1. Restricting the stretch B:149-184 to residues that are surrounded by fewer than 20 Cβ atoms within 10 Å (Cβ to Cβ) and of a type in the set (Gly, Ala, Ser), which is farthest from the other protein chains (Cβ to nearest Cβ)?
2. If we keep just the residues of the stretch B:224-261 that are outside any helix (DSSP H, G or I) and more than 7 Å from chain A (Cβ to nearest Cβ), which is farthest from residue B:138 (Cα to Cα)?
3. Is it fair to say residue B:198 is over 30 Å from residue A:259 (Cβ atoms), surrounded by fewer than 18 Cβ atoms within 10 Å (Cβ to Cβ), in contact with a strand residue (DSSP E or B) (Cβ under 9 Å, 6 or more places away or on another chain) and away from chain A (no Cβ under 14 Å)?
4. Being part of a helix (DSSP H, G or I) and farther than 13 Å from residue A:83 by Cα is the filter here, so list the residues in the stretch A:16-56 that pass it.
5. From the list A:250, A:234, A:204, which residue is modelled with pLDDT under 85 and of a type in the set (A, V, I, L, M, F, W, C)?
6. Within the stretch B:99-110, is there a residue that is more than 16 Å from DNA strand C (Cβ to nearest atom) and over 30 Å from residue B:362 (Cα atoms)?
7. Specify the residue that is nearest to residue A:41 (Cα to Cα); the eligible residues are those in the stretch A:300-319 that are surrounded by fewer than 24 Cβ atoms within 10 Å (Cβ to Cβ) and among the aliphatic types (A, V, I, L, M).
8. Need pairs with beta-carbon distance below 8 Å; first residue in a helix (DSSP H, G or I) and within the stretch A:202-222, second polar (S, T, N, Q) and surrounded by 18 or more Cβ atoms within 10 Å (Cβ to Cβ); sequence gap 6+ or separate chains.
Number of protein chains: 2
Amino acid sequence: MVGEQAHTSDRSSTPRSGLELTERQRTVLRAVVEDYVLSAVPVGSRVLVDRYRLRVSSATVRSAMAELEALGLLSHPHTSAGRVPSDLGYRVYVESLMHEASLDRADQLMIRHQFSQVQLTSNEWLRLAASVLAGSTRSAAVVTPAKARRARFGHLQLVELGDQSRLAVLVLADGNVVQRRLDHAALERLMAGSPLGQADLDEVAATINAEAAGMTATQLRRRAPKLTGLAAHVADVVAGLLDDADTVAVEEVFTAGIGNVLAQPEFAEGAKLSGILEVLQRSDFLEQLVPVLARRGGVTVIIGHENANETMHEVSLVFAPYGEPDRALGLLGVLGPTRMPYPRAIPTVRYLSTLMNELLASHSGEPHD
Amino acid sequence: MVGEQAHTSDRSSTPRSGLELTERQRTVLRAVVEDYVLSAVPVGSRVLVDRYRLRVSSATVRSAMAELEALGLLSHPHTSAGRVPSDLGYRVYVESLMHEASLDRADQLMIRHQFSQVQLTSNEWLRLAASVLAGSTRSAAVVTPAKARRARFGHLQLVELGDQSRLAVLVLADGNVVQRRLDHAALERLMAGSPLGQADLDEVAATINAEAAGMTATQLRRRAPKLTGLAAHVADVVAGLLDDADTVAVEEVFTAGIGNVLAQPEFAEGAKLSGILEVLQRSDFLEQLVPVLARRGGVTVIIGHENANETMHEVSLVFAPYGEPDRALGLLGVLGPTRMPYPRAIPTVRYLSTLMNELLASHSGEPHD
DNA sequence: GATTAGCACTCTCACCCTTAGAGTGCTAAC
DNA sequence: GTTAGCACTCTAAGGGTGAGAGTGCTAATC
């Protein structure tokens, strides 16, 4: 029973080679993890024997615990407290001890039902996904939109809004929509006084649509100078839009269930979480995660100190990518204390990522409904 | 010096009529509030005399404090602690004691600079506004997008994406963009087998654009049956989009700086905030606030128990609407402990609401840049 | 040889007590 | 009306204690 690749961590901290546990050690470690996840209280040998009907005495369990501690899988808050799993202990648990079932049929249906309930736009999918994840795992959920690693031109529309205001609406090849207002002064200059109507705008849009299909920002920039004045200007604006689309904007990260995590005893002192929220919201943290997850595929679990970012050393992430590497790629998962219900979180994240895949596929054209 | 209307609360809790404070009481109340806001520690008579150079003895201050307590403006955590302002005390402070300046010229410029920095889309404005508010007031900020109370048709575009997938992209009259995928099966049926190309889509879009300009969902629904099969179907979809746009979706609330609030001693036990976050994110709390704020105009301060929602009894809100009542209306403001730096928060919120007004105006056509 | 009972040991937690200090309210004097 | 003085109250912090949980070790047992 080798650890599933899909669960190995960010860092190369697969359990040290040759880490072979006896059956008893495995049983004890599993019991410690599961009890601690439920109770949040360090678990002692006596409790373990009683609660899990181990057919041995507490002394035996104690010696097994001592061995596990020597291996670095358990730790000791202080002499007379029970044992607590270490990050490595959780890691071993996740990779080879956990009974991982796929998500309950009933849960699956419930989730699917919520998604089919309403005619949702893609952003609402994301929000719903975050909310479902958070609710189902009682952790904080994070969902980023599925975006192409390199945004590609799909279809451009220029719209006259007010007298002086024109909007460029760009549908990307991956189906996302971005928009930007055109600079009035620049247009004036290019038109050299003659009025600019919707018909003119349509013509420019048609020109660019014909030229730019499927292009990236760079490609479009190279092409732009070959167009006439007005079209060239607009092409440049559009290239800027493609650029923007290439950076995962913070605004587009959907979170839910932060309250769930706040309610955990680990974060009773609210200040602890505040730094974590900062990292999650402000930095390029998630963006850096995308390629890692994409390469790995499937569900990735990052436990406590395995996380490269020090602020995240007290939390675990269970994340998966969704979408297709070469088209549109997004990210979803949950964040909670290392004392996380992995056997629940992992299948849920996995199921949601496949579900989002389906939605994405049906959204972008495969005959699938 | 009568309380500014703009600051009166949600409930009709203007300070009880005939509440006339002596000059000394006013001085003491002001000092207590300002000291407590800074220190978060109940403030005693001695400290007050020293720190604020009152030219009287602590005994005098004590008697003034006792009077203020009898009036319900101060309270007493316990016998030998100092005084703490009550919600009503803050209310009086905000309405008639506070030295409210408009925002520093320097701060104004700094904020304005951030907005002019980049070519932003409207959603990025919102995110930026939230982030600026949060940073400037060290509280949590909330910004909702400016939306018409009744969404109106602006311009429709139908785009062919994949073989089987068509997207309806609707620019609303207020400049927002919404989108929805067209149901493939329904189109098939309507076309009765003949293929449907981009040209056909453009034609349908043109028809609807000609018919539907400026319409609400209801008006469009009334018109739809008069159109031909395909156009009627699309018009119906578009009406649905307008409906959707009428409900402030949760996804569209931008928050920032939750960490700031978590760091406040009031919320040292993180669990307290979790309920508040729930309310803010999940319910129609903000939506109910919109008409209230719109009617009032300007900055509205809601302090602790003045809030109708019980969960919010330990926090204060400083909010303002932005946009125009009949066109697009949004909401922005900050949330913090009742011990909030009102003299900072109020001008900041006010300034940001006027700034967003400007941006909105320039966005939708007035020659303003 | 693995398992277990027994036991001494350690450490935390809850409790109580005590004390210092902050702050009050009252009263009498100014 | 203001102030000094003082008795009083209450909290917060420190220290001591005992109960209890849990350990690790050792010697006996299966």
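1. B:165
2. My answer is B:228.
3. no
4. Residues satisfying the conditions are A:23, A:24, A:25, A:26, A:27, A:38, A:49, A:50, A:51, A:52.
5. None of the others qualify; the one that does is A:250.
6. There is at least one residue in the stretch B:99-110 that is more than 16 Å from DNA strand C (Cβ to nearest atom) and over 30 Å from residue B:362 (Cα atoms).
7. A:312
8. If the second residue must be polar (S, T, N, Q) and surrounded by 18 or more Cβ atoms within 10 Å (Cβ to Cβ), the pairs left are A:205/A:157.
The values are calculated or read from the model by the stated rules, or taken from the named source; none is laboratory data. The shown structure was predicted, so the numbers you read here are calculated from the model rather than taken from an experiment. No Cβ is skipped: glycine too gets one built from the backbone with ideal geometry, and neighbour counts run over all protein chains shown.
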